[in-house]
Amino acid sequence: MHASEFAPVFRDEPDDRTGVVVAGLGTCLPRAEISNAVLAERLDTSDEWIRTRTGIAARRRAAPDSSMTDLACAAAANALRSADRGAVDALVLATTTPDRPCPAAAPEVAHRVGLGTIPAFDVSAVCSGFLYATATAAGLIHAGIADSVLVTAAETYSRIVDPADRSTAVIFGDGAGAVVLRRGSVREAGALLAFDLGSDGADKDLIHLPGEREQPAGRRWFTMAGRKVYLQAIERMTHSALRVINDCGWTPETVGAVVAHQANARIIGAVADRLGVPPEAALCELARVGNTGAASIPVALADAVDGGRLRPDARTVLTAFGGGLTWGSVALTWPRLAPVRTEI
Ligand code: UT7
């Protein structure tokens, strides 16, 4: 679906339409860092292979007594602190790695963060989850159901990745990120200006974690057809990002930041190259965290802001690709905000 119909479109002309504005950003990463060298001790791989093929030097692993929901709560609380708010009207949580199939984690996060009895629910769109959740939250605001929404993405991939599978164990890591969205004006920095979302279930098996019916016996692990996913990720993210750039009336060379799903440095470089954005606009923030799934975009945003690579008013494109298959993009001008980051 091309979703820009329900998002305000910005064309450099006076406009007082309602906008959905990014007002706060928080993250939480597990403290434990697993280096490439540690993985190379037990897998047929090497630091050199992982760095050159993916750009990853280390990933985080949640402590045994720490859950996806714990990471989500900390990131959500940090985003509220960054936005200087104690309350929001709704919470949408994206995860591929729920602590349990039922119930969803979002009500527990809302409760633990002190948000009371607000509407709260999970969305499942694998590595595109943060952008799907963001689009859902924007819809709640445009529909008049909420004035502010906390969008949270959290993952504990270490619980579903086969530690003996070198093709996934070297890539995925644990972490969480969150943003506060609030009703505002499309003229404000931070306003979400255009969306694009899509899916293709014909390729559902390329990124897969079997259910009990699909695999009744034995331990079920997450699998990924790396090369096929690699090619699709470049194709889908490029196409989707171009749609939102065009919808905003921008040209690629005026884009200041592209924050693509942080899966692989080569994918990020190839997407930027195909888009025709300035090379320095392609933000690659995965070296010390790996691929944190749905959390990768907010985690990368916080690192890029604190590192001075993402500045207020930059024309910014977020684009993601993941299992399902799913993909999506959103365009915004980056707001002035200070991310709040913690580790547990
Ligand atoms: O987050 C959801 C979206 N995910 C992604 O976007 C990830 C997309 N895929 C990728 O990032 C890459 O495909 C990988 C990093 C997973 C693999 O890199 P590649 O350049 O596509 O390698 P490949 O799968 O084509 O494999 C090349 C070789 C194979 O060996 P042979 O068959 O050529 O002998 C693999 O078995 O590299 C081998 N290989 C490894 N070697 C050392 C695969 N993983 C490893 C490893 N260490 N960790």
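The values are calculated or read from the model by the stated rules, or taken from the named source; none is laboratory data. Keep in mind that this is a model prediction, so the values were computed, not measured. Positions of Cβ are backbone-derived with ideal geometry, glycine not excepted, and every protein chain shown enters the neighbour counts. Accessible surface areas use protein heavy atoms only, side chains included; no ligands, DNA or RNA. Shrake-Rupley method; radii C 1.70, N 1.55, O 1.52, S 1.80 Å.
Residue-wise test of (1) farther than 22 Å from THR342 by Cα; (2) among the small types (Gly, Ala, Ser).
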residue	(1), (2)
ALA74	no, yes
VAL123	yes, no
LEU140	yes, no
THR152	no, no
ALA164	yes, yes
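Okay, residues lined up against (1) within 15 Å of the ligand (Cβ to nearest atom); (2) among the acidic types (Asp, Glu); (3) open to solvent by 10 Å² or more (accessible area, probe 1.4 Å):
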| residue | (1), (2), (3) |
| --- | --- |
| GLN262 | yes, no, no |
| ARG266 | yes, no, yes |
| ALA270 | yes, no, yes |
| PRO278 | no, no, yes |
| LEU283 | no, no, no |
| LEU286 | yes, no, no |
| GLY290 | yes, no, no |
| ILE297 | yes, no, no |
| LEU301 | no, no, no |
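Among the candidates ALA153, ALA146, ALA225, ALA191, the residue that is within 15 Å of the ligand (Cβ to nearest atom) and in contact (Cβ under 8 Å) with a residue 40 or more places away in the chain is uniquely ALA153. Take the conditions over 13 Å from ALA154 (Cβ atoms), within 16 Å of the ligand (Cβ to nearest atom) and polar (S, T, N, Q) and apply them to THR52. Does it pass? Yes; evaluated as a whole, the condition is true for this residue.
Determine whether THR319 is open to solvent by less than 40 Å² (accessible area, probe 1.4 Å) and within 16 Å of the chain's Cα centre (by Cα).
Details: open to solvent by less than 40 Å² (accessible area, probe 1.4 Å): yes; within 16 Å of the chain's Cα centre (by Cα): yes.
Yes.
Take ALA90 and decide whether it is within 17 Å of the chain's Cα centre (by Cα), within 21 Å of VAL22 (Cα to Cα) and in contact (Cβ under 8 Å) with a residue 40 or more places away in the chain. No.
Among the residues of the range 35-44, the one identified as open to solvent by 20 Å² or more (accessible area, probe 1.4 Å) and within 25 Å of the chain's Cα centre (by Cα) is SER35.
Pairing residues of the range 200-216 that are of a type in the set (D, E, K, R) with residues that are assigned to a helix (DSSP H, G or I), at Cβ distances under 9 Å and at least 6 apart in sequence or on separate chains, gives ASP200/GLN232; ASP200/ARG236; ASP203/LYS228; ASP203/VAL229; ASP203/GLN232. On the stretch given as the range 240-260, residues that are surrounded by fewer than 24 Cβ atoms within 10 Å (Cβ to Cβ) and either assigned by TED's automatic domain parsing to the domain that holds CYS127 or within 15 Å of the ligand (Cβ to nearest atom) (or both) total 0.
Here is the figure for the range 200-230: residues that are over 22 Å from THR54 (Cβ atoms) and assigned to a loop (DSSP other than H, G, I, E, B) total 12.
Scanning the range 46-57 for residues that are buried (at least 17 other Cβ atoms within 10 Å of the Cβ), in a loop (DSSP other than H, G, I, E, B) and polar (S, T, N, Q) yields a total of 0. Checking every residue in the range 58-68 against the condition of being surrounded by 20 or more Cβ atoms within 10 Å (Cβ to Cβ), assigned to a helix (DSSP H, G or I), more than 13 Å from the ligand (Cβ to nearest atom) and of a type outside the set (Ser, Thr, Tyr) gives at least one match. Determine, yes or no, whether THR342 is within 14 Å of the chain's Cα centre (by Cα), closer than 18 Å to ALA153 by Cβ and among the hydroxyl-bearing types (Ser, Thr, Tyr). No: the conditions fail for THR342.
Residue count for the range 246-288, restricted to those that are part of a loop (DSSP other than H, G, I, E, B), over 15 Å from the mean Cα position of the chain (by Cα) and not hydroxyl-bearing (Ser, Thr, Tyr): 10.
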